[in-house]
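Engineer: This is the structure I want to talk about, given as structure tokens.
The values are calculated or read from the model by the stated rules, or taken from the named source; none is laboratory data. The structure displayed is predicted, hence computed values, not measured ones. With ideal geometry, Cβ positions are generated from the backbone for all residues, glycine too; neighbour counts draw on all protein chains shown. Quick note on the areas: whole protein, heavy atoms, side chains included, nothing else; ligands and nucleic acids left out. Shrake-Rupley method; radii C 1.70, N 1.55, O 1.52, S 1.80 Å.
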Amino acid sequence: GQQLNQSPQSMFIQEGEDVSMNCTSSSIFNTWLWYKQDPGEGPVLLIALYKAGELTSNGRLTAQFGITRKDSFLNISASIPSDVGIYFCAGQGSAGNNRKLIWGLGTSLAVNP
Amino acid sequence: SAVISQKPSRDICQRGTSLTIQCQVDSQVTMMFWYRQQPGQSLTLIATANQGSEATYESGFVIDKFPISRPNLTFSTLTVSNMSPEDSSIYLCSVEDHSYGYTFGSGTRLTVV
């Protein structure tokens, strides 16, 4: 099925560093969602974006809905060990079959204390 | 946001047997979604379960292999039938949670031996 291009695939950083990851699509979306998945758990929503150009923060996390509606990025500032996990982007269209979530392949983040 | 209780959290099953996974939501929802997440992979939608009608399956998934029940607005089950090792995955249920994106259960980690 359709998937988003999410990069990077994995990151290994030092505690305190900033992190940036992004997703791109060939289709336009009405909603972008960013999730984090810890081992043995389901994905947990971090940030939801509903409007092109929207920039939203949640603590140390910031995400933006691209102007073209075909991309989004997630930034994590001043990373800490509990940021470790897999981050997924997901896009959603407007109606009917396009309302299914389309998922990125994930960015695996490791933080060295 | 909605709270989802999914069980079992994990199981090890013999090939050829079937496993039924339960998903309970603490509020009434129109649609419930069942996903499969193979090791190290992203999420793949299996089917959408609507109360009072047959589930809608995605390409590559069939009712005989993954029968779904949706007896009321707070509960659904997914059965993985006639299992083989290739069915070893995490299975997740999800609901659309207005203003909160999609909320996920904690998943069922299935190993088929």
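Engineer: For the range A:13-25, enumerate the residues that are closer than 17 Å to A:Leu105 by Cα and either among the hydrophobic types (A, V, I, L, M, F, W, C) or open to solvent by 40 Å² or more (accessible area, probe 1.4 Å) (or both). Walk me through how you get there before you give the answer.
Structural biologist: Quick first cut of the range A:13-25, residues closer than 17 Å to A:Leu105 by Cα only: A:20-25.
Scanning the range A:13-25 gives A:Ser20, A:Met21, A:Asn22, A:Cys23, A:Thr24.
Engineer: Given the condition among the aliphatic types (A, V, I, L, M) and farther than 27 Å from A:Tyr87 by Cβ, answer yes or no: does some residue in the range B:16-29 qualify?
Structural biologist: Quick first cut of the range B:16-29, residues among the aliphatic types (A, V, I, L, M) only: B:19, B:21, B:25, B:29.
Those still in the list that are farther than 27 Å from A:Tyr87 by Cβ too: B:19.
Looking through the range B:16-29, at least one residue is among the aliphatic types (A, V, I, L, M) and farther than 27 Å from A:Tyr87 by Cβ.
Engineer: Listed residues A:Thr68, A:Thr107; which is among the polar types (S, T, N, Q) and under 17 Å from A:Gln9 (Cα atoms)? First the steps, then the outcome.
Structural biologist: Numbers: A:Thr68 fails: under 17 Å from A:Gln9 (Cα atoms).
So the residue among A:Thr68, A:Thr107 that is among the polar types (S, T, N, Q) and under 17 Å from A:Gln9 (Cα atoms) is A:Thr107.
Engineer: Can you tell me which condition B:Gly40 does not meet? The list is (1) without any contact (Cβ under 8 Å) to a residue 12 or more places away in the chain; (2) in a strand (DSSP E or B), and all the others hold.
Structural biologist: Result: B:Gly40 passes all but (2).
Engineer: Here's another thing I want to ask about it. What are the pairs, 6+ residues apart or on separate chains, where a residue within the range B:43-59 that is within 14 Å of another protein chain (Cβ to nearest Cβ) and open to solvent by 70 Å² or more (accessible area, probe 1.4 Å) has its Cβ under 9 Å from a residue that is in a strand (DSSP E or B) and of a type outside the set (S, T, N, Q)?
Structural biologist: So the pair list comes out as B:Thr56/B:Ala47; B:Thr56/B:Ala49.
Engineer: Among the residues in the range B:18-34, are any more than 11 Å from the chain's Cα centre (by Cα), part of a loop (DSSP other than H, G, I, E, B) and closer than 14 Å to B:Pro67 by Cα?
Structural biologist: Within the range B:18-34, one or more residues are more than 11 Å from the chain's Cα centre (by Cα), part of a loop (DSSP other than H, G, I, E, B) and closer than 14 Å to B:Pro67 by Cα.
Engineer: Sticking with this one: I need the full set of residues from the range A:19-62 which are more than 13 Å from chain B (Cβ to nearest Cβ) and over 15 Å from A:Asn5 (Cα atoms), in order please.
Structural biologist: A:Val19, A:Lys51, A:Ala52, A:Gly53, A:Glu54, A:Leu55, A:Ser57, A:Gly59, A:Arg60, A:Leu61, A:Thr62
Engineer: Run down B:Gln6, B:Gln14, B:Gln38 and say which single residue is within 26 Å of A:Leu105 (Cα to Cα), open to solvent by 60 Å² or more (accessible area, probe 1.4 Å) and not acidic (Asp, Glu).
Structural biologist: Numbers: B:Gln6 fails: open to solvent by 60 Å² or more (accessible area, probe 1.4 Å); B:Gln14 fails: within 26 Å of A:Leu105 (Cα to Cα).
Being within 26 Å of A:Leu105 (Cα to Cα), open to solvent by 60 Å² or more (accessible area, probe 1.4 Å) and not acidic (Asp, Glu) holds for just one of B:Gln6, B:Gln14, B:Gln38, which is B:Gln38.
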